[in-house]
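First comes the structure, then the notes that go with it.
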Amino acid sequence: SQTIHQWPATLVQPVGSPLSLECTVEGTSNPNLYWYRQAAGRGLQLLFYSVGIGQISSEVPQNLSASRPQDRQFILSSKKLLLSDSGFYLCAWSVRGNEDEQYFGPGTRLTVT
Amino acid sequence: GESVGLHLPTLSVQEGDNSIINCAYSNSASDYFIWYKQESGKGPQFIIDIRSNMDKRQGQRVTVLLNKTVKHLSLQIAATQPGDSAVYFCAESDAGGTSYGKLTFGQGTILTVHP
């Protein structure tokens, strides 16, 4: 069966510090990968998606970037965090060819202070 | 841009009652819809989906109804249990385009089930 991991689960970082969140998927190959952000009490906003290694599409201009160094690894980064980067970050995957059915990881709660 | 929204932000029911959570969408090109359940501090969990060529789909204790005429989606939960308490999101996708499975999420409805 497929599983998706995210770490860390929670993170408190000062403004201006760098960020690196990691997501890995097990039990599947060539998945589509996604990064979402969820503000408190709100729906999910798609940040990035990737259809393959090194292929990243950005949905919204922001202080964040994403990379996919390996087939089942997706990384969300920032060089300098802003207060507005606080939120719940979710990684998701889907099967190539069935892109709409997405499965989410446990999320990372980021608080920028 | 297109948006998906919910009619009711909160819903409180008694254990054993049936629950109905509603969702309106505005993108007439949307052809795939999903309901997710999100418990506090966790990622969304896939519940059930429906494609636009259907108007009803049933799962275990859940039924999704799609009314394309009025762009309305609903999730029915039968015999609601305390474990069903969560935030429920609808999401839509224009799967027939080049969206690569980009889902647009509604704001969510908080379902609270009282024992």
Quiz item: For the range A:55-113, which strands (runs of 3 or more DSSP E) that fit wholly inside it have 1 or more residues that are within 30 Å of B:Asp31 (Cα to Cα) and among the aliphatic types (A, V, I, L, M)?
Solution: A:55-58, A:65-70, A:73-78, A:87-95
Quiz item: Do you know which residues across the range B:55-89 are surrounded by 15 or more Cβ atoms within 10 Å (Cβ to Cβ), free of Cβ contacts under 8 Å to residues at least 60 places away in the same chain and among the hydroxyl-bearing types (Ser, Thr, Tyr)?
Solution: B:Thr63, B:Ser74, B:Ser85
Self-check item: Of residues in the range A:11-30 being of a type in the set (A, V, I, L, M, F, W, C) and closer than 22 Å to A:Val112 by Cβ, the one surrounded by the most Cβ atoms within 10 Å (Cβ to Cβ)
Solution: A:Cys23
Self-check item: Meets criteria (surrounded by 14 or more Cβ atoms within 10 Å (Cβ to Cβ), in contact with a strand residue (DSSP E or B) (Cβ under 7 Å, 6 or more places away or on another chain), of a type outside the set (A, V, I, L, M) and under 17 Å from A:Ser29 (Cβ atoms)) for A:Ser94
Solution: yes
Exercise. Run down A:Leu33, A:Leu110, A:Leu44 and say which single residue is under 10 Å from the mean Cα position of the chain (by Cα), closer than 21 Å to B:Phe105 by Cα and surrounded by 21 or more Cβ atoms within 10 Å (Cβ to Cβ).
Key: A:Leu33
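Values in this text are rule-based calculations from the coordinates and carry no lab data. Just so you know, these numbers come straight off a predicted model, no measurement behind them. FYI the Cβ positions are ideal-geometry reconstructions off the backbone, even for glycines, and counts take in every protein chain you see.
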